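Report on the following structure.
The values are calculated or read from the model by the stated rules, or taken from the named source; none is laboratory data. The structure presented is a predicted model; accordingly, all values stated were derived computationally and were not measured. No Cβ is skipped: glycine too gets one built from the backbone with ideal geometry, and neighbour counts run over all protein chains shown. For the accessible areas, the whole protein counts, side chains as well, though only heavy atoms, and no ligand, DNA or RNA atoms are used. Shrake-Rupley method; radii C 1.70, N 1.55, O 1.52, S 1.80 Å.
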Amino acid sequence: MDWEQIYSHAFQWVKEAGEKIRLSFDKTLNIQTKSNPNDLVTNIDKETEQFFISKIRETYPGHKILGEEGFGDKPENLNGIVWLIDPIDGTMNFIHQQRNFAISIGVYENGVGKIGLVYDVVHDELYHAVKGSGAYINDKPIPVLHPRKVNESIIALNATWVMENRRIDHNLLIPLVREARGTRSYGTAALEMVFVAAGRIDAYISMRLSPWDFAGGAVIVEELGGIVTNLRGEKLDFLSNDSLLVARPGLHETILQEYLKCGKW
Ligand code: IPD
Ligand code: CA
Ligand code: CA
C-alpha cells in the first residue's frame, strides 16, 4: 500500500476543503437540527463531507468511508482501508463563532490508525501524522509527550460531566477538577485531542463521542506517546460510540487509577 500517496492526497484535499469553508464565511448558512435542538448541521458540513467522498471514490474506489453526515458507507467492520471523516468537528462553534472547529480525518487499515489529519481551518494549522513517521503542525515537528502531575496540568472537559448526568458519577470528576491547575472546554473533540498532542493541554475527557470525532486525533496523539482509551481504560474500536480519555503518558494512568478508579463504576 502506498501510504505516502494516500497521505499526500488526504493532505491536499483537507487544505482544499478548508479553503472552501473559509470562503463560506461570507455566505448565508443553511442550518438544520438532527437528534435534538442543539445537535446542528449546516450545508457546509454536508458539502465538505461530499467533497471528500467524491475525491476518495474517484481515486481509491476500494476504500470504505464512514462520515458523520452519512454520505459514505455503513461499514460493518474495519477490514481493509477505512476513512473516518468528520467534515466539521465543532459545528456549534462554526455557526456561532466562526472559529474553534476543525476538519478531522483518520485513515485506518484493518482497524489500525495509519494517517491522522486535524485541520484548524481558521488558524490554518494542520495537525498531521503518518503512523511511525512523527507528528507535525504544518511543517513543524511536534515533540514527544512526557508525564506531568495533575496539579501542573490543564484538563479539558465539559461542565456537563461535573454535574449530575446519566453517564458517569460526577463525584469522581470533582476532585480532578479541584486538583488540576486549570480546566478548559473548547467544544471540539478533534481539536482538544490535538491540543493534548501539542502540549497545549494535558488531558481531554469526554463521556460520549463517535468514531469520526476521535479517529484522526488518536493517530496524532499516539504517535507522540500520548495514551488514548475510553474512561474504563479500554482501547477504542473505531466503529462504536465511546467515552474518551486522552492524556500524556503517566497522567493518563493517574487519572484512570486515582480518579476514575480504573473504570470500576
Ligand atoms: C461535537 C464536538 C463536541 C463534542 C460533541 C461532538 P460535532 O462534534 O466534538 O466538542 O462535545 O460530543 O458531537 O457534532 O460538532 O461534529
Ligand atoms: Ca464531531
Ligand atoms: Ca461534525
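Once the chain from Lys34 to Asn79 is taken as fully extended at 0.36 nm per residue, the excess over their C-alpha distance is 13.3 nm. Cross-link reach is defined here as a Cα-Cα straight distance under 21 Å, omitting same-chain residues fewer than 8 places apart; for Lys55 the lysines meeting it are Lys15, Lys20, Lys46, Lys64, Lys74, Lys114.
Shape verdict for the range 3-141, please, from the Cα gyration tensor: rounded (a/c under 1.5), prolate (a/b greater than b/c) or oblate.
oblate
Note on the chain: dipole from Cβ charges, positive end direction compared against Ala180, Met1, Gly67; the farthest Cα belongs to Ala180. Of all DSSP-defined beta bridges confined to the range 150-263, some 60% are antiparallel rather than parallel. So, in nm, how far is label Gln5 from label Lys140 when the simple model puts each one 7 Å beyond its Cα toward the Cβ? So the label points at Gln5 and Lys140 sit 3.3 nm apart. Calculated accessible area for the range 92-170 comes out at 50 Å² per residue, all protein chains present (probe 1.4 Å; ligands, DNA, RNA ignored).
Rounded if a/c is under 1.5, else prolate if a/b is larger than b/c, else oblate: which is the range 150-263, with a ≥ b ≥ c the root eigenvalues of its Cα gyration tensor? Note, shape of the range 150-263 comes out rounded. In this Cβ point-charge picture (+1 for Lys and Arg, -1 for Asp and Glu), the chain has a dipole of about 560 debye about its Cα centre.
Which percent, to the nearest 5, of DSSP beta bridges fully inside the chain are antiparallel? Could the numbers behind the result be given before it?
On the way: 36 of 45 bridges.
Antiparallel bridges make up about 80 percent of those DSSP assigns within the chain.
Once you order the gyration tensor axes a ≥ b ≥ c over the Cα atoms, which shape class does the chain get: rounded for a/c under 1.5, otherwise prolate or oblate by comparing a/b with b/c?
prolate
What 222 nm value per residue comes from the helices of the chain, counting each DSSP H run with n ≥ 4 as -39,500 (n - 2.57) and dividing by all residues, nearest 500 deg cm²/dmol?
-9000 deg cm²/dmol
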